[in-house]
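J.: Handing you a structure now.
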Amino acid sequence: MLPESYLLLLTPGPPKDPESALDFSLGCAYRSGKPAVWVDCELVNALSTESTRALWSYHRKLQEEHKQLVVVHASDELKQNLLHWQTGPNLCFAPTLIDAAWHSGLRLVA
């Protein structure tokens, strides 16, 4: 259970409009009221320009409310791409969900 965070699992595949799907999902996470949003990128190797912009936009919005966006399981290539587009405070990267909880200052409930 993740009572204090909202987990998004990005998946590969050809949805009709992946950028809108990510933007919609990030919007739901943002409105959830949870103090942390974790974006699990284990199954994807890259993000489109539009998806990267959406991620950074929600990162800024969450920071304004003293909440945190944590990118989990990002490959080195994906990290570099996200950092290339950096437009504000650093994104938080975590190698595992346990590390995401630690970075978020949260406890996982068993």
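The values are calculated or read from the model by the stated rules, or taken from the named source; none is laboratory data. Computed from a predicted model, the values in this text were never measured in an experiment. Counting neighbours? That spans all protein chains shown, and the Cβs are built from the backbone with ideal geometry, glycine included. Just the protein is used for accessible areas: all its heavy atoms, side chains included, with ligands, DNA and RNA removed. Shrake-Rupley method; radii C 1.70, N 1.55, O 1.52, S 1.80 Å.
J.: Give the Cα extents of segment 5-106 along the principal axes, in whole Å, largest first.
T.: The Cα atoms of segment 5-106 stretch 34, 27, 23 Å along their principal axes.
J.: Taking a 1.4 Å probe, which of C41, C28 shows the most accessible area, and what order do the others take after it? Intermediate results must be reported in sequence, preceding the final value.
T.: Working: C41 0, C28 40 Å².
Highest to lowest solvent-accessible surface, that is C28, C41.
J.: Keeping all protein chains in place and using 1.4 angstrom, which order do F24, F93 fall into by accessible surface area, from largest down?
T.: Values: F24 130, F93 45 Å².
Reading off the accessible areas and sorting them downward yields F24, F93.
J.: Let me ask something else. Among the GluC sites (Glu not before Pro) in segment 49-100, which ones are in a DSSP loop with at most 16 other Cβ atoms within 10 Å of the Cβ? Mind listing them?
T.: Within segment 49-100, the qualifying GluC sites (Glu not before Pro) (loop, at most 16 other Cβ atoms within 10 Å) are E65.
J.: Using the beta-carbon distance between N90 and E4 and R0 = 30 Å, what value does 1/(1 + (r/R0)^6) give for FRET efficiency, to the nearest 0.05?
T.: Numbers: r = 22 Å, r/R0 = 0.72.
The computed FRET efficiency comes out at 0.90.
J.: A follow-up question, please. Please calculate the 1.4 Å probe accessible area of T87, with all protein chains present, and give it to the nearest 10 Å².
T.: 90
J.: With each pseudo-label sitting 7 Å past Cα toward Cβ, what's the D76-L43 distance in nm, one decimal?
T.: Result: 2.5 nm between the two label points.
J.: Of all the accessible heavy-atom surface of the chain, with the other protein chains kept in place and a 1.4 Å probe, what percent is carbon and sulfur? If you can, show how the numbers build up before the last one.
T.: Working: 3490 of 6420 Å².
Carbon and sulfur together cover 54 percent of it.
J.: Could you state the accessible area per residue of the chain in Å², with a 1.4 Å probe and every protein chain left in place? Mind dumping the intermediate values first?
T.: On the way: 6420 Å² over 110 residues.
For the chain, the solvent-accessible area averages 58 Å² per residue.
J.: In nanometres, what is the gap between the two model label sites at S57 and R31, each 7 Å from Cα along Cα-to-Cβ?
T.: 1.5
J.: As a test question: what accessible area, to the nearest 10 Å², does D23 have when a 1.4 Å probe is rolled over all protein chains in place?
T.: Counting only protein heavy atoms, D23 exposes about 70 Å² to solvent.
J.: Expected output is a single nm value to one decimal: the length gained when fully extending between I98 and A21, i.e. 0.36 nm times separation in residues minus the C-alpha distance. What is it?
T.: Full extension of this stretch gives 25.1 nm more.
J.: May I pose another question? Straight-line reach from K34: which aspartates and glutamates fall under 13 Å, measuring Cα to Cα and dropping same-chain residues less than 8 apart?
T.: Straight-distance partners of K34: E4, E65.
J.: Taking amide H positions as placed 1.01 Å from N in the peptide plane, with prolines and chain starts having none, which residues 5 or more places from V70, or on another chain, fall under 5 Å of its amide H?
T.: Residues meeting the amide H criterion: V37, W38, V39.
J.: Only Lys, Arg, Asp and Glu count, each charged at its Cβ (+1, +1, -1, -1), so figure out the dipole size of segment 28-110 about its Cα centre, rounded to 20 debye. Provide the component values of the computation, followed by the final result.
T.: Numbers: 8 positive and 8 negative charges, 73 e Å.
Taking the Cα centre of segment 28-110 as origin, the dipole is about 360 debye.
J.: Find the relative contact order for segment 5-106 and round it to a whole percent, using C-alpha pairs within less than 8 Å whose residues are 6+ positions apart.
T.: Numbers: 144 pairs, mean separation 27.9, N = 102.
Normalised by residue count, the contact order of segment 5-106 is 27 percent.
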